[in-house]
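The values are calculated or read from the model by the stated rules, or taken from the named source; none is laboratory data. Here the structure is a predicted model, which means the values were calculated and not measured. Backbone-built Cβ (ideal geometry, glycine too); neighbour counts: all protein chains shown. Each accessible area value is taken on the protein alone, full model and side chains, heavy atoms only, with ligands, DNA and RNA left out. Shrake-Rupley method; radii C 1.70, N 1.55, O 1.52, S 1.80 Å.
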Number of protein chains: 2
Amino acid sequence: MADVAAKVGVSRALVSIVFRGKEGASQETRDRVFQAAAELGYHPDTAAQLLRSHRSRHLGVLYTPAEPFHVDLIEAIYPMAEKHGYDVVLGAQTPTRAMTKAVEELLGFRTAAVLLLGDATLAEVTRLAARVPLVAVGPHLRGDAFDTVSSDDSRGARLAVEHLVELGHRHIVHVDGGVKAGAADRRRGYRAVMRKHGLPATIIPGAYTEESGALAARELLRCDPLPTAVFAGNDRCAVGIVHALRRFGLTVPGDVSVVGFDGSRAAQLPHIDLTTVRQDISGTAEAAVESAIERLDDGRTEAKHVIRKTQLIVRGTTAPPKR
Amino acid sequence: MADVAAKVGVSRALVSIVFRGKEGASQETRDRVFQAAAELGYHPDTAAQLLRSHRSRHLGVLYTPAEPFHVDLIEAIYPMAEKHGYDVVLGAQTPTRAMTKAVEELLGFRTAAVLLLGDATLAEVTRLAARVPLVAVGPHLRGDAFDTVSSDDSRGARLAVEHLVELGHRHIVHVDGGVKAGAADRRRGYRAVMRKHGLPATIIPGAYTEESGALAARELLRCDPLPTAVFAGNDRCAVGIVHALRRFGLTVPGDVSVVGFDGSRAAQLPHIDLTTVRQDISGTAEAAVESAIERLDDGRTEAKHVIRKTQLIVRGTTAPPKR
DNA sequence: CTGAAAGCGCTTACAG
DNA sequence: CTGAAAGCGCTTACAG
């Protein structure tokens, strides 16, 4: 920084002003400063800026890289954060790297707030919220100390099952998501619609993965008669079901209709073309970032719990039953 | 930090020593310091440590979150980096966020070195290497200023095609990866084996995505006679081909055999069970991290270009031709 | 082990 | 605009 100042012939304070885009420097000086910085390969030291200015402009995001839905979310979070002048610091949870470790790293970076994607217990969330402003995205938790953004999973599930019933399906199975985020509400929604129409509810225990979908497909094939429709816990599970059924020689939606949940990018792929319940990804990202900003920049302290609407997207994996 | 020191009744310097795990403090003092820190919620400020100590223990990794192969790599990079005492800072390239932006961010964090996953031109890599020790993972580039770790793509491709020939296939099509990393070498390997056996080479232009695989599958169906085997540019493309073929009512490997490339996690899924050429992911991650460490901690300055072996993994999508 | 001091690369407030 | 000064939370080297 001193080198840049010397080269341009101005004070270090002015260079600082130019790089932060503050007023107090002429356009000509700005150009010369940037020019000199480029030649010298100078780049402001984020750590020093942060240290001195006492303000972190970093939003920590705790996520699972292998989770496609998280990837969709962080891609939406980046532009939202940038709009508010924040950088995003990613903290990755991997099979060899527990959440606590990723959290400590994020806190070491002094992120101003943390957006927590995915599953967490109330105890974990509460403990973390005591250390840093926290927005939990996904889990249906409530508390005074943290914000949440979640989807209306129960309503989404009802939309999916009502769609199948309207197509004429009577024998509809749900492959659920166990204890994962939203799974309980999706189960509830499924049960409610089946009950309403006087249909028997059948739930195959599953998870939010392709493997579990493929496994559940084997269970389905053991049913006699074969169900005419499946409501999967999420898109990954649905994709596993579709592929496994096709591999076993069945057609989708000819023999079995399948509905997913999430509205992930994978569901849109032309060879999948999955009917699904879309969660509003960019709206969720927006709400999460704004919740954090409100606490950080506007001084909000009371908890805020946002629920985003879901929407049924009818594509190519659902049709009226043939049997 | 001062609060912790006061609470325990020691100097700040001692607290610093305890947190860095250096000698000069008794076990009892260490315990008391950690105890007090936990009660006070104290956590060392990474930025300040870095600023003062002049050493960054951060490895920047530039990657694409939506790329499953990158995800496999970063999951392998984390434990390797930790082994050498380095933290990983992720820089994400997304559709709305160009590489240059992610690079600036990483450099702002003063990462000690950068591991660059995925595609980059020689000019980009050279320019970046002038600013920070750089290891490019994937692209077949050579230069004096940076290290690379890549796979023996040509040999891998030959393994795949030889496998198909040995099964009895004569009509083998390659769906390529265009200008992406390794695509040229994989094409070369395919052509070499076809030529060696006096077979005609047919290449369908593709990309490293499921969509391109699905699109290529339509092209395949227009071939008369239908090829009996396909060598796909990578696993994602292969998965798209398999699914599209099955959707069109064909069986894999009954009607068409399919081989992928990468050995990604997706290829292992039971409903895919893809025959593929595995790149040594953990070996690649290890080589990349070690290349960076050698420059950082051992003072190596000459470039190092590592090529990792590939391995054919025969699974369920290849079989002798029926026709 | 302590305690005082210097300094990392910045930002900030102030007198000019 | 300048220039000098203080200070962020640490680490480091040193005399005791």
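When the residues A:Ile17, B:Ile272 are ordered by accessible surface, computed with a 1.4 Å probe over the protein chains alone, the sequence from largest down reads A:Ile17, B:Ile272.
Comparing A:Arg110, A:Arg55, A:Arg158 in a Gaussian network model of chain A (Cα springs below 10 Å), the most mobile by mean-square fluctuation is A:Arg55. Under 12 Å from a point 7 Å along the Cα-to-Cβ line of B:Arg188: which residues of the range B:100-140 have their amide N that close? It comes to B:140, nothing else. Note on the protein assembly as shown: dipole from Cβ charges, positive end direction compared against A:His43, A:Ala157, B:Gly60; the farthest Cα belongs to A:Ala157. Considering only the Cα atoms of the range A:25-163, their convex hull presents on average a projected area of 12.7 nm². So what's the range A:180-255 giving for Cα Rg divided by 2.2 N^0.38 Å, two decimals? Rg over 2.2 N^0.38 Å, computed on Cα atoms: 1.09. Remark on the protein assembly as shown: hydrodynamic radius 27.0 angstrom, per the Kirkwood mean of 1/r across alpha carbon pairs.
If R0 equals 41 Å, the separation of the Cβ atoms of B:Arg142 and A:Thr96 corresponds to a calculated FRET efficiency of about 0.80. The A-B contact accounts for roughly 4300 square angstrom of buried accessible surface, both chains included, probe 1.4 angstrom. For chain A, the longest principal axis of the Cα atoms and the long axis of helix A:281-297 meet at an angle of about 40 degrees. Projected label points at A:Ile307 and B:His43, each 7 Å from Cα along the beta carbon direction, are separated by 3.1 nanometres. The heavy atoms of B:Cys223 offer some 40 square angstrom of accessible surface to a 1.4 angstrom probe. Choose one answer from A:Tyr42, A:Tyr86, A:Tyr190: the residue with the largest mean-square fluctuation in a GNM of chain A with alpha-carbon springs under 10 Å. Maximum fluctuation in the GNM of chain A, among the listed residues, is at A:Tyr42. Of all the options A:Lys22, A:Lys304, A:Lys196, the one that moves most in a Gaussian network model of chain A with Cα springs shorter than 10 angstrom is A:Lys22.
With a threshold of 24 Å on the Cα-Cα distance, the over-threshold entries among B:Lys7/B:Lys83; B:Lys101/B:Lys304; B:Lys22/B:Lys304; B:Lys101/B:Lys180 are B:Lys7/B:Lys83; B:Lys101/B:Lys304; B:Lys22/B:Lys304.
Direction-averaged projected area, Cα convex hull, the range B:153-279: 6.7 nm², rounded to one decimal. Measuring max minus min along each principal axis, the C-alpha atoms of the range B:81-175 give extents of 56, 33, 25 Å (largest first). If you wrap the Cα atoms of chain A in a convex hull and average its projected area over all directions, you get 20.0 nm².
Panel values: the range A:2-44, Kirkwood radius from alpha carbon pairs, Stokes-Einstein at 37 °C and 0.692 mPa s, translational diffusion coefficient 331 µm²/s.
With the Cα gyration tensor of the range B:93-134 giving a ≥ b ≥ c as the square roots of its eigenvalues, does the rule (a/c under 1.5 for rounded; else a/b larger than b/c for prolate; else oblate) give rounded, prolate or oblate? Verdict is oblate for the range B:93-134. Expressed as a whole percent, the accessible area of the range A:2-44 that falls on carbon and sulfur atoms is 49 (1.4 Å probe). Pairing the Cα long axis of helix A:99-108 with the longest principal axis of chain A, what angle in degrees results, from 0 to 90 and rounded to the nearest 10? Compared with the principal axis, the helix lies near 20 degrees.
Excluding ligands, DNA and RNA, the accessible surface per residue across the range B:1-126 is 45 Å² with a 1.4 Å probe. Checking every one of the GluC sites (Glu not before Pro) in the range A:252-323 against DSSP loop status and a limit of 13 other Cβ atoms within 10 Å picks out A:Glu302. Relative contact order for chain B: 16 percent, from Cα pairs under 8 Å spaced at least 6 residues apart, divided by residue count.
Heavy-atom accessible surface of the range A:143-207, averaged per residue, reaches 41 Å², computed with a 1.4 Å probe. Estimated from helical segments only, the mean residue ellipticity of the protein assembly as shown at 222 nm is -14000 deg cm²/dmol, where each DSSP H run of four or more residues counts as -39500 (n - 2.57). Principal-axis analysis of the Cα atoms of chain A puts helix A:27-40 at an angle of about 80° to the longest axis.
The charge dipole of the protein assembly as shown, taken about its Cα centre with unit charges on the Cβ of Lys, Arg, Asp and Glu (plus for the first two, minus for the last two), comes to roughly 880 debye. Classify the range B:54-121 as rounded, prolate or oblate, taking a ≥ b ≥ c as the square roots of the eigenvalues of its Cα gyration tensor: rounded when a/c is under 1.5, otherwise prolate if a/b is larger than b/c and oblate if not. In terms of gyration-tensor shape, oblate.
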